């Protein structure tokens, strides 16, 4: 395409092109970097089994007496370590046993597993043993059919040890009956180094070597490949059974300064290092798997130890147990479904047919059609395709959905744990606030929005720029909250709950004001809003094996939109009567409360969805989400009714007199006095609300109060934000920019910024974590911006809207149209016979039935929506 056919780029467009080139380059670097790491650096450990077995670091080290309870987050390189609990252990092992053989350091891991199975009973049993005269004995602990056994054998030469080693089978499919049941699901051998050093005298090393030589033949069972990685990658991940594991723990390096004088004399660094060096040589020349990450857990040799100097603190023991359980159980953890937060030693799961179709379609088929549409528009196939802008939007959505799959459903990208540090949260929010402040500018009038001139005028209450800014800074806060694991802090959680309520307040206000002003209750309006809200949230569950409710904000705002629509649609010819509208709102609130609270109603709907549409709906979660913000939408609707009525009173176009008209007339007449009084009242209510919420001791108590008090700070903020001409007419450009794509950032953060379905953070595994976070954040925000414009374009195409026909809450200044370098601009008329974005798949004279179908789908929105619902239903019932 010749550049001469296009208008010259403005300075703004040139900057946009430069930024987009930089972002494209960053994306290319990320793609090449992770492919290089996955295909070369990690080629021998594709499922991160070796990483879990041999490497790792503490994210939260610190002194034992620290108030933040350290040593809870052990981070293997590039994967998420799952903290196993009672139900997880039962699901993994069933009727199989866990066997621990060794000295008191191995016994600590046994007790850590027992506490995970049943903490209260395990602590009682521990206390009984400590009170007894004979502590060094075999132990057994059973809970829900799972049995953990400890065999006291500090020399690894007892009869019990030999029996367990002889009965062990790595592949549980090789034997049947009693032979299969005899084998333990997991055997941990504690290296006998401490007892050799303490009691072995001058023959300690010879005795240690003999013990290791005795057990290695039982561990050296992998005929091909290398040890654990081979067991877990061939062929176990393709089925529902994990391999049994036989592992060897290295010699526990003690805290020498804490040892008693007699132990310090015999347990020396020279002896311990010599024995562990031998284990290094043995594991390098056999298929024996040694859990070297245990040594790294105590590498600093300080706060990880108890006062004895031999045993570790409880948190470290629990993480040692988690390493074992993740090694043994994660290979089939993906079959449990989302969240996919057990990424160490896991290859996720095999793809369903729908996933294959979406992956191949998004990466190859749709881009191919885009090429055909642009280069061969005159051919017959080109006439059946949407125009270039729509095809570009569809292709972009397909590529980004595929990108979500590769980031959060494969081992190509690394994952790491979240760690809450209040200082980091505050610094991140301070940086975002600074960006927002430096980008403050005056709002343009609607006429001059696309020009560089500024028109001096007074913006209306809660204008579009202001609402976008509000959404933007709230979204910044929520993103930082999720990234820094701010839910650990009660006061941050309380603020986020208010921010979600603020979004719903704007939902109630915006949609109610649109309906009252325009009276547009058409199917097209409903379809436009619902498709725009749900397009991404309905596509991702098929690709990511999640469900619709997982992206809970889209279902929530969709539900409330339908409530607003039904409330105002019923008897809408009488909506000029403000009293009538208020009564409808009150009745709607009562019905919604009953619908949510009465047991059985939501359960019946969930039952019908499951057996008619194969939709799994978590009623408990949905009822919780509904209750948290039960009434704030109605507050937004009431504010819309009041402001709309005031507008009618000013213009003189009033309907039947309302009971509160006299108050509104006084307010209009004494506008300045009223604004000043409301601003002062709001200033007093905000700190009062803060002091009130400080009394909540936990999240549960705060959540109970939330539906009844959230309107106080929200209305106070809205009042203050609109109390002065300056505050109404200026807004933050950065925050408003993010607000235009806040829905997309909320959904996409789950998979291309966070990881493990929000349980962890996405990583590249190549550079400094801060550098990687900056690169991934830039790409995440850029893709969110692009997909916001793409979904707007696709929505317009489906519902048959022409460019520029907008309703409240829609915007045409996002995404593809204002992204001149993402896809080449086309000259007027090139590549498409029409610039109309309506649903147009062309006409063909080859057959009458095809022409009739084309005309039917082209002209009737109901048929188009029906086809979309049919495709989703078929996908649901066939998804495996």
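To keep it simple, each residue is scored yes or no on (1) surrounded by 15 or more Cβ atoms within 10 Å (Cβ to Cβ); (2) in contact (Cβ under 8 Å) with a residue 12 or more places away in the chain.
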position	(1), (2)
634	yes, yes
642	yes, yes
646	yes, yes
650	no, yes
653	no, no
657	no, no
672	no, no
679	yes, yes
687	no, no
Discussion item. Which residue is farthest from residue 585 (Cα to Cα), if the candidates are limited to region 463-517 and must be in contact with a strand residue (DSSP E or B) (Cβ under 9 Å, 6 or more places away or on another chain) and not in a helix (DSSP H, G or I)?
Written reply: 485
Discussion item. One residue is enough: does region 610-617 have a residue meeting the conditions in contact (Cβ under 8 Å) with a residue 40 or more places away in the chain, in contact with a helix residue (DSSP H, G or I) (Cβ under 8 Å, 6 or more places away or on another chain), part of a helix (DSSP H, G or I) and crowded, with 16+ Cβ neighbours inside 10 Å?
Written reply: no
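Residue-wise test of (1) touching a strand residue (DSSP E or B) at 6+ places or on another chain (Cβ under 6 Å); (2) part of a helix (DSSP H, G or I); (3) closer than 17 Å to residue 55 by Cα; (4) not assigned by TED's automatic domain parsing to the domain that holds residue 59.
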position: 282; (1), (2), (3), (4): no, yes, no, no
position: 296; (1), (2), (3), (4): no, yes, yes, no
position: 299; (1), (2), (3), (4): no, no, yes, no
position: 310; (1), (2), (3), (4): no, no, no, no
position: 315; (1), (2), (3), (4): no, yes, no, no
position: 346; (1), (2), (3), (4): no, no, yes, yes
Worksheet item: Within the group 321, 288, which residue is modelled with pLDDT of 95 or more, under 23 Å from residue 93 (Cβ atoms) and in the same structural domain as residue 77 (by TED's automatic domain parsing)?
Response: 321
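Considering only residues of region 35-52 that are in a helix (DSSP H, G or I) and touching a helix residue (DSSP H, G or I) at 6+ places or on another chain (Cβ under 7 Å), which is surrounded by the most Cβ atoms within 10 Å (Cβ to Cβ)? Break it down stepwise before answering.
Keep residues of region 35-52 that are in a helix (DSSP H, G or I), which gives 35-41, 49-52.
When the remaining residues are screened for being touching a helix residue (DSSP H, G or I) at 6+ places or on another chain (Cβ under 7 Å), the result is 49-50, 52.
Working: 49: 27, 50: 22, 52: 29.
Step by step, filter region 35-52, then rank; the result is 52.
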Worksheet entry | Among the candidates 32, 22, 59, 27, residue that is modelled with pLDDT of 90 or more, surrounded by fewer than 19 Cβ atoms within 10 Å (Cβ to Cβ), farther than 22 Å from residue 336 by Cβ and touching a strand residue (DSSP E or B) at 6+ places or on another chain (Cβ under 6 Å) | 59
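Yes/no per residue for (1) surrounded by 20 or more Cβ atoms within 10 Å (Cβ to Cβ); (2) free of Cβ contacts under 8 Å to residues at least 12 places away in the same chain; (3) farther than 21 Å from residue 245 by Cβ; (4) touching a strand residue (DSSP E or B) at 6+ places or on another chain (Cβ under 8 Å):
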site	(1), (2), (3), (4)
107	yes, no, no, yes
112	yes, no, no, no
118	no, no, yes, yes
129	no, yes, yes, yes
134	no, yes, yes, no
Discussion item. I'd like to verify a number: residues in region 546-569 that are within 26 Å of residue 651 (Cα to Cα) and surrounded by fewer than 18 Cβ atoms within 10 Å (Cβ to Cβ), how many?
Written reply: 1
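The values are calculated or read from the model by the stated rules, or taken from the named source; none is laboratory data. Keep in mind it's a predicted model, so treat the numbers as computed, not measured. Cβ sites come from the backbone with ideal geometry, for glycine too, and all protein chains shown count toward neighbours.
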